[in-house]
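Below you'll find the structure, written out as structure tokens, and then a few comments.
The values are calculated or read from the model by the stated rules, or taken from the named source; none is laboratory data. Remember, predicted model here, so these are calculated numbers, not experimental data. Neighbour counts are summed over all protein chains in view; Cβ atoms, including those assigned to glycine, are modelled from backbone coordinates with ideal geometry.
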Amino acid sequence: MKITSAIITPMPRPMPHGMLDPMPEVIATFEDGSSKSLFSFYPDEVSFRASEFIGLTEAEAKSLFHRKDISFLKS
């Protein structure tokens, strides 16, 4: 099942005020109308645009996160 829309929840506030703020999450809506949180991420390590997820499956979206995370870790 493919993602038809996605949102990214708000970024944490700048430090030190945002130290305990939740990390942003990618929440996807699928072809059947269901929605699901796919993952959260550290915005100082990777970034996303909601449009990157349109047309992907859940597995493909998680693979996108994994590729960006590995790229950051290797840099």
*If we keep just the residues of region 36-56 that are out of contact with any helix residue (DSSP H, G or I) (no Cβ under 9 Å at 6 or more places or on another chain) and among the polar types (S, T, N, Q), which is nearest to SER5 (Cα to Cα)?*
SER51
*Enumeration of residues in region 1-29 that are under 20 Å from HIS66 (Cβ atoms) and in a strand (DSSP E or B)*: LYS2, ILE3, ALA6, ILE8, GLU25, VAL26, ILE27, ALA28
*Mind checking whether some residue in region 24-32 is surrounded by fewer than 12 Cβ atoms within 10 Å (Cβ to Cβ), under 17 Å from ALA61 (Cβ atoms) and modelled with pLDDT of 95 or more?*
yes
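Is at least one residue of region 47-63 loosely packed, with under 12 Cβ neighbours inside 10 Å, among the basic types (Lys, Arg) and more than 13 Å from the chain's Cα centre (by Cα)?
Within region 47-63, not a single residue is loosely packed, with under 12 Cβ neighbours inside 10 Å, among the basic types (Lys, Arg) and more than 13 Å from the chain's Cα centre (by Cα).
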*Return only the number of the condition from (1) out of contact with any helix residue (DSSP H, G or I) (no Cβ under 9 Å at 6 or more places or on another chain); (2) assigned to a helix (DSSP H, G or I); (3) closer than 19 Å to SER5 by Cβ that GLY33 does not satisfy.*
(2)
*Failed condition for ASP44, given (1) surrounded by 12 or more Cβ atoms within 10 Å (Cβ to Cβ); (2) free of Cβ contacts under 8 Å to residues at least 24 places away in the same chain; (3) assigned to a loop (DSSP other than H, G, I, E, B)*: (1)
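Which residues, counting only those in region 9-23, are hydrophobic (A, V, I, L, M, F, W, C) and either surrounded by 10 or more Cβ atoms within 10 Å (Cβ to Cβ) or under 13 Å from the mean Cα position of the chain (by Cα) (or both)? Before the answer, list the steps.
Our first condition is that a residue be hydrophobic (A, V, I, L, M, F, W, C); within region 9-23, this holds for 11, 15, 19-20, 23.
Across region 9-23, the qualifying residues are MET11, MET23.
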*Give me the pairs, please: first residue somewhere in region 5-20 and modelled with pLDDT of 90 or more, second residue anywhere and hydrophobic (A, V, I, L, M, F, W, C) and part of a loop (DSSP other than H, G, I, E, B), beta-carbon distance under 7 Å, and either six or more positions apart or on two chains.*
SER5/ILE54; ALA6/ILE54; ILE8/PHE48; PRO12/MET23
